[in-house]
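Chemist: Questions regarding the structure given below will be posed in turn.
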Amino acid sequence: METWDWGIENKTYTSAQVLGRAKLVKDMEKVPTFYIPEIIDDNTASENVTVKILASDEKENYAENRTTITIVNSIKAKPGGPYEVYEGQTIKLDGRESGGKDKEYNWGIKNPSEDTSLENDLTSTPTFHAPQNIAKKEEVEMLCCVNLDKNFYL
C-alpha cells in the first residue's frame, strides 16, 4: 500500500501581502487539494510556496521531493460608483481601487449615444460626458478593463 504525506515547507510572502493562507486538504492522499491565498499588495507581482511530498510503498521504500508553486497577483477591475450625473454634465470616474501591479486602464461605454463620451479613457480617472437631452432617466453601463499586458483583459 502506498502512503502519501504532503506539506507546505516554505513561503516567500508575509501576511501583509496576502489574504488567507496556503493550505493543503487531503494531504495524505496521492492528489491533495491546494488552496492558494490571494495577493492583495499591488506591489507584489508573485510569491512562492514550496510544497514537499514524502511517498512510501508497501516495502517501506521512501521518496521525498519538493516543488515550488508560484502565486501570481491577479488583477481586479473596480470602477467605483454607482455614479449619477445630470444631462449635459460631466463626472470624473474613479478606478484607482483596481488592483494589480503594472496595470493599464481601458474604459468604455456600452451602447453609447451620439453625444455621450469619455475623456482620458486610458487612465484610472476618466471623465464621462453625459448626453444633452435625455427624455427619461437612463442608465449607462460603464466598462472598466484593467490589464497587465497587451494580451490579457478582464
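Chemist: Tell me, what is the FRET efficiency for K76 and D115 to the nearest 0.05, using R0 = 41 angstrom and their Cβ-Cβ distance as r?
Modeler: 0.80
Chemist: If you don't mind, another one. Order of 109-119, 43-53 by packing, highest average Cβ count within 10 Å first?
Modeler: Result, highest mean first: 43-53, 109-119.
Chemist: Once fully extended, how much extra length lies between T125 and R21, figured as 0.36 nm per residue of separation less the alpha-carbon to alpha-carbon distance?
Modeler: 34.1 nm
Chemist: Mind giving me the nanometre distance, one decimal, between the label points for R66 and L54, set 7 Å out from Cα along Cα→Cβ?
Modeler: So the two model labels end up 1.4 nm from each other.
Chemist: Here's another thing I want to ask about it. Report the extension gain between E87 and I40 in nm, rounded to one decimal, defined as 0.36 nm multiplied by the number of residues separating them, less their alpha carbon distance.
Modeler: Extra length available between E87 and I40 comes to 13.1 nm.
Chemist: Would you mind computing, in nm to one decimal, how far apart the modelled labels at E29 and T14 are, each placed 7 Å from Cα along Cα→Cβ?
Modeler: In this crude label model, E29 to T14 measures out at 3.6 nm.
Each value in this text was obtained by applying a stated rule to the coordinates, not by laboratory testing. Keep in mind the model is a prediction, meaning the values are calculated, not measured. All Cβ positions, even for glycine, are placed from backbone atoms using ideal geometry, and neighbour counts span all protein chains on display.
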